[in-house]
Amino acid sequence: MQTVIAGGTIVTAASTYEADVLINGGRIALLGEGLPTEGSEVVDAAGKFVFPGALDVHTHLDTPWGTQYTTVDDWRSGTVGAVCGGTTTLVDFALQTEGQALREAIDGWHAKAEGNAVIDYGFHAMIMDLTDSVQAEIPRVIQDEGIPSFKVFMAYKGVVQADDETLLHTMFTAAEHGGLTMVHAENGDATVVLQNRFAERGDLGVEFWPKSRPPELEAEAAHRAITLAGLAGAPLYIVHVSSAGAVAEISRARASGQAIYGETCPQYLVLDEDRYTQPDGAKWVMAPPLRHASHQEPLWRALASGNLQTVATDHSAWPLKDFKDQSLDDFRYMIQGVPGVEERLSTLYTYGVQAGRITFNRFVDVTSTGPAKLFGLYPQKGDIAVGSDADLVVWDAEVEWMLTKDKLHGNTDYCTFEGIPVRGRASHVFSRGRALVREGDYVGGKGGGRFLRRAAFATP
Ligand code: MN
Ligand code: MN
């Protein structure tokens, strides 16, 4: 069965034009005005936009926090939410536990995703314990597993934090074999000192959360990671950039020719640290924390200029009840992270494109084309071109609605962006030609998503 998406306006990272899209065999078969529709299902996209399905390269589905808790969005609910929001590819973090081989961690992630994911997906390898044997696995993980990206934490001291030695070793080894190093950039040692000083004064409420992880510690870690990447001759991707200082470090490094890339997330673009003074402030406990509102415009400007290349979500579905509310009296032990896999495109479209901060083409670049290129999936994903996978979003830019928990598909008990008005939503979403969303409703079945073996890193 062929499908023709007819009469829409195509928006890619490079251009905007009128064309129909013919889908056949799960791929884009033809593009052009007035394509014949005989024998095809026709989806009327008149008055709507059609853009490539978004990639979310930062999620944590079915992921443990310590031994007691696991994120409540698994590969079924997480991918259904994603696709309803216009996202057709996820790259999630396969978490290594202490002493575990990467191979074993990756096998565990395959077992969680297979048969449950409704859209295509890949994994990053999250390095917690870089032993000699783990380091020796890196080339094989890139070449044989199709996993060319490795995440290292500069924060979470005593849990997953890597020292500079581990960070530099990872960068050298990954770069030598076509891998991309990713870092969570916050100075974990300094965070612990600040947090314990608040604790000594009894200042352990959620309102002290952002003060205990100030933006200076993100800028410092970004600077250090960039310096080490320079010494290793390694490309570096900094996840969830939240502050003007970190943006400045990335921009400076890029201007000097270094292969440094940065991601931000909708929460840092539209929410600010005032949330922590609310009675339900625990909902927004995440790391890095929400910042003062003055950090938002520098993030938007960096997205517009190209100094930041991607917008992901860091989707971590922890309910407030029985999860986050277990540590209301001591922010140091609170589970960190927020859901957001479904809200990303509407938020970015409204406060980015509609507000005139980024162009529609740039919106496509930072949500789809840019991440596809950086993470070895282009042009299979991330473009509307003949031969690319038919991962497509038909976007109704006219509909105005309110982000609220009841309209979302995830399993948490709150919406990070509750009550925020937005404009635009995915009316139809296709994954390899399969219509998973029609008129805003999920109409797909169970499973159907495939694991994506990604290509080695290449400078975009
Ligand atoms: Mn992180
Ligand atoms: Mn994360």
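The values are calculated or read from the model by the stated rules, or taken from the named source; none is laboratory data. Given the structure is predicted, the values throughout are model-derived calculations rather than measurements. Note that we place each Cβ from the backbone using ideal geometry, even for glycine, and neighbour counts take in every protein chain shown. Side chains included, ligands, DNA and RNA excluded: accessible areas come from the protein's heavy atoms. Shrake-Rupley method; radii C 1.70, N 1.55, O 1.52, S 1.80 Å.
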- Query: What's the angle, to the nearest 10 degrees (0 to 90), between helix 296-305's Cα axis and the longest principal axis of the chain?
  - Reply: 50 degrees
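If you take the Cα Rg of the stretch 191-274 and divide it by 2.2 N^0.38 Å, with N the number of residues, what do you get? Please report the intermediate quantities before stating the final value.
Numbers: Rg = 15.1 Å, N = 84, 2.2 N^0.38 = 11.8 Å.
In units of the 2.2 N^0.38 Å rule of thumb, it is 1.27.
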- Query: the stretch 274-336 to the stretch 1-79: how many Å between their Cα centroids?
  - Reply: 28 Å
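In terms of the ratio Rg/(2.2 N^0.38 Å) built on C-alpha atoms, what value belongs to the chain? Please list the in-between numbers first.
On the way: Rg = 21.0 Å, N = 460, 2.2 N^0.38 = 22.6 Å.
Taking the Cα Rg and dividing by 2.2 N^0.38 Å, one obtains 0.93.
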- Acute angle (nearest 10 degrees) that the helix 102-113 long axis makes with the longest principal axis of the chain, alpha-carbon atoms: 50 degrees
- Task: Taking all protein chains together and a probe of 1.4 Å, list His60, His169 from the most accessible to the least accessible.
- Result: His169, His60
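Which of the peptides 78-85, 334-341 is most tightly packed, and how do the rest follow, judged by the mean count of other Cβ atoms within 10 Å per residue?
78-85, 334-341
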- By how many degrees, 0 to 90 and rounded to 10, does the Cα axis of helix 215-232 deviate from the longest principal axis of the chain? 80 degrees
- Task: Note the full-extension length gain between Thr277 and Trp401 as 0.36 nm times their separation in residues minus their Cα-Cα distance, in nm to one decimal.
- Result: 42.0 nm
- Residue by residue through the stretch 30-36, the couplings from Karplus 6.51 cos²θ - 1.76 cosθ + 1.60 with θ = phi - 60°, in Hz, x for Gly and Pro, are 7, 10, x, 7, x, 5, x
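Out of the total accessible area of the chain (probe 1.4 Å, heavy atoms of protein only), what percent is carbon and sulfur? All intermediate terms of the calculation are to be shown ahead of the outcome.
Numbers: 8130 of 16470 Å².
Solvent-exposed carbon and sulfur of the chain make up 49 percent of the total.
Could you rank the peptides 120-129, 87-96 by their average count of other C-beta atoms within 10 Å per residue, with the highest value first?
Numbers: 120-129: 24.0, 87-96: 26.2.
Packing proxy ranking, top to bottom: 87-96, 120-129.
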- Global geometry of the stretch 24-93, whether rounded, prolate or oblate, following the gyration tensor of its Cα atoms and the 1.5 cut on a/c: prolate
- Query: What is the set of long-range amide H partners of His124 at a cut-off below 5 Å, with H atoms built 1.01 Å from backbone N?
  - Reply: Asp92, Phe93, Ala94
- Taking Cα pairs under 8 Å and at least six residues apart, what relative contact order does the chain come out at, in percent? 22 percent
- Task: Please list 443-455, 314-326 highest first by mean number of surrounding beta-carbon atoms within 10 Å per residue.
- Result: 314-326, 443-455
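Pop the C-beta distance of Asn361 and Glu200 into the FRET formula with R0 = 51 Å and round what comes out to the nearest 0.05.
On the way: r = 51 Å, r/R0 = 1.01.
For R0 = 51 Å, the calculated efficiency reads 0.50.
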- Query: Counting only DSSP beta bridges with both residues in the chain, what percent are antiparallel, rounded to the nearest 5?
  - Reply: 45 percent
- Note on the structure: Interchain or sequence-distant (5+) residues whose placed amide H lies within less than 5 Å of the amide H of Arg27 are Ala390
- Query: So what is the relative contact order for the stretch 35-139, in percent, with contacts set as C-alpha pairs under 8 Å and at least six apart?
  - Reply: 26 percent
